[in-house]
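Inspection log for the structure reproduced underneath, given as structure tokens.
A short reminder: the numbers here are calculations on the coordinates, not readings from a lab. As the structure is a computational prediction, the values presented were derived from the model and not from experiment. All Cβ positions, even for glycine, are placed from backbone atoms using ideal geometry, and neighbour counts span all protein chains on display.
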Amino acid sequence: ALNAHQGWSRQWRNPAPKPAYDALIIGGGSHGLGAAYYLAKEHGLRNIAVLEKGWIGGGNSGRNTTIIRSNYLFDESAALYEHAVKLWEGLSQELNYNVMFSQRGVLMLAHNQHDVQSFKRHVYANRLNGIDNEWLTRDEAKAFCPPLNISPDIRYPVLGAALQRRGGTARHDAVVWGYARGADALGVDIIQNCEVTAINRGPDGAVTGVETTRGPIGAKKIGVSAAGHTSMVMAMAGVRMPLESFPLQALVSEPVKPCFPCVLMSNAVHAYISQSDKGELVIGAGTDQYVSYSQQGGLHITTHTLDAICELFPEFTRMKMLRNWGGIVDVTPDRSPIIGKTPVKGLYVNCGWGTGGFKATPGSAHVFAYTIARDEPHPINAPFTLDRFRTGRLIDEAAAAAVAH
Ligand code: FAD
Ligand code: PYC
């Protein structure tokens with residue numbers, strides 16, 4: 001049927017790199033493209049390029065399971081992720097591109113007293129921060145998510161759940177493409193198949209540009225949004241990052257008619273699940289336990305995840321799985337991101353999102369653009385410094401990270 005379609009216009013240009021730009025973004029994922037969009041739209045910088053070593057969205061942005069929520073514990077995180085959710089709520093209109101944002105609710109199951117106390121603490125803390133989150137009894141959880149097995153006889157019985165009704169999912173490719181089209185329309189050059197191989201610095205230590213597989217490109221401002229490869233890119237400027245990179249896997253089932261109404265996560269039984277608009281069950285769990293850049297993971301992780309899904313949803317036992325894949329996630333010691341300036345003048349970094357950066361995309365891109373344009377952090381990202389690993393002022397969000405890493 002696609003053969004019949006003709007005369008489609010390109011959504012973004014395919015320009016050759018210019019010798020120099022006012023600003024460069026390394027990494028054409030949703031965060032990098034989003035930052036370029038907001039730099040052009042809100043800060044008037046139009047002479048910008050996004051450099052992507054492969055194809056845009058080919059990294060974690062196109063590999064993630066698209067869960068969006070802002071039910072984080074600490075004030076700093078709540079402000080950052082809620083900033084993102086508010087932007088998600090208007091993003092399709094902002095970009096004039098349907099990102100299929102669906103606020104179908106994110107349900108986080110409690111299976112033991114620790115979970116109950118921890119999730120209730122999150123509910124109270126979130127509400128103090130003006131973020132919706134509510135505690136559901138076991139029966140209320142079942143009513144919200146009818147396929148859920150609430151039998152008291154299973155190994156980890158469901159004791160209750162925290163529900164963020166404004167949480168949900170979005171279409172990951174559409175987010176990448178929407179930001180790319182929007183940025184391109186504002187004059188941003190999106191340059192694919194262009195790997196950055198070195199970061200050049202002048203006699204005063206400030207950045208002067210990059211070497212790439214498509215030649216040298218000059219710039220006085222460089223923003224790094226390279227997710228799992230951030231340590232490697234930052235090492236090009238002599239900056240050692242407090243990051244470890246792990247594979248994180250996901251898988252989808254054969255498509256079936258709508259049968260799963262929400263997003264459900266269980267850290268104790270160790271799986272999460274939603275249903276895509278195509279009908280596939282979208283499933284995942286925690287990271288693999290070893291550091292790697294292999295972009296695939298161990299099969300035992302997948303089988304363990306499916307064991308957990310079958311325990312929580314016995315009716316899915318006969319579903320066939322269609323495909324699985326992995327991405328490389330960049331994990332900080334406190335499981336919170338780093339967004340800000342670096343010790344190198346003109347070099348900015350946005351990383352450390354680990355297993356949970358998709359949900360932050362619009363908020364992260366928005367405050368990163370502000371930081372690059374003004375050479376100072378936005379109040380929302382001010383606490384998320386690289387320096388906190390030296391000062392010890394950590395934002396320890398391990399409990400809210402929701403998938404083990
Ligand atoms: P990416 O999309 O990875 O973009 C970085 C880009 O940098 C890549 O395209 C890469 O090719 C490019 N790059 C790297 N090195 C260079 C170089 N030297 N030169 C040029 N380009 C370079 N988050 C959630 O919030 N919810 C979820 O449900 C969720 N599920 C996930 C499931 C899986 C399986 C995975 C892997 C991740 C998941 N995440 C989730 C995390 C989320 O995907 C990431 O935090 C987010 O996509 C990061 O976006 P990004 O734009 O920073 O990274
Ligand atoms: O951060 O909510 C999350 C998440 C879910 C799956 C992977 N990350």
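Shape of region 251-405 from the C-alpha gyration tensor: prolate (a/c of 1.5 or more and a/b above b/c, with a ≥ b ≥ c the square roots of its eigenvalues). Each other residue within a Cβ distance under 14 Å of Arg121 adds +1 if Lys or Arg and -1 if Asp or Glu, for a net charge of -3.
Counting only alpha carbon atoms, the long axis of helix 30-43 and the longest principal axis of the chain meet at about 60°. Rounded to the nearest Hz, the phi-derived 3J(HN,Hα) couplings of region 255-265 under the Karplus curve 6.51 cos²θ - 1.76 cosθ + 1.60 (θ = phi - 60°) are x, 9, 4, x, 9, 9, x, 9, 9, 10, 10, where x marks glycine and proline.
Under 5 Å between amide hydrogens, built in the peptide plane, is the criterion, and for Gly209 it picks out Asn200, Ala219 among residues at least 5 positions away or on other chains. Highest mobility in the GNM of the chain, judged by mean-square fluctuation with C-alpha springs under 10 Å and restricted to Met234, Met321, Met265, is found for Met321.
Using C-alpha pairs below 8 Å separated by at least 6 residues, the relative contact order for the chain is 22 percent. Derived scalar couplings between HN and Hα for region 312-321 equal 6, 9, x, 5, 8, 4, 9, 5, 9, 8 Hz in order, rounded to whole Hz, by the Karplus curve 6.51 cos²θ - 1.76 cosθ + 1.60 (θ = phi - 60°), x for Gly and Pro.
The angle between the Cα long axis of helix 172-185 and the main principal axis of the chain comes to about 30°, on a 0 to 90 degree scale. Under the criterion of Cα pairs below 8 Å and six or more residues apart, the relative contact order for region 68-129 equals 42 percent. The relative contact order of region 5-153, computed from alpha carbon pairs under 8 Å that lie at least 6 residues apart in sequence, is 16 percent.
When Trp8, Trp177, Trp55 are arranged by Cβ crowding within 10 Å, least crowded first, meaning fewest neighbours, the order is Trp8, Trp55, Trp177.
Return Tyr370, Tyr21, Tyr179 ranked ascending by Cβ neighbour count within 10 Å, so the fewest neighbours appear first.
Lowest count first: Tyr370, Tyr21, Tyr179.
Among Ile339, Ile48, Ile283, Ile380, sorting on how many other beta-carbon atoms sit within 10 Å of each Cβ, with the fewest leading, yields Ile380, Ile283, Ile48, Ile339.
What is the Cα convex hull volume of the chain when expressed per residue in Å³? Spell out each step's value before the answer.
On the way: hull volume 56.7 nm³, N = 405.
Convex hull of Cα atoms, per residue: 140 Å³.
The number of Lys pairs in the chain with C-alpha atoms less than 16 Å apart, excluding pairs fewer than 8 positions apart on the same chain, is 10. Taking Lys and Arg as +1 and Asp and Glu as -1, the other residues whose beta-carbon sits under 10 Å from that of Gly167 total +4.
Taking a Cβ cut-off of under 11 Å around Asp277, the surrounding Lys, Arg, Asp and Glu residues balance to a net charge of +2, with basic ones at +1 and acidic ones at -1.
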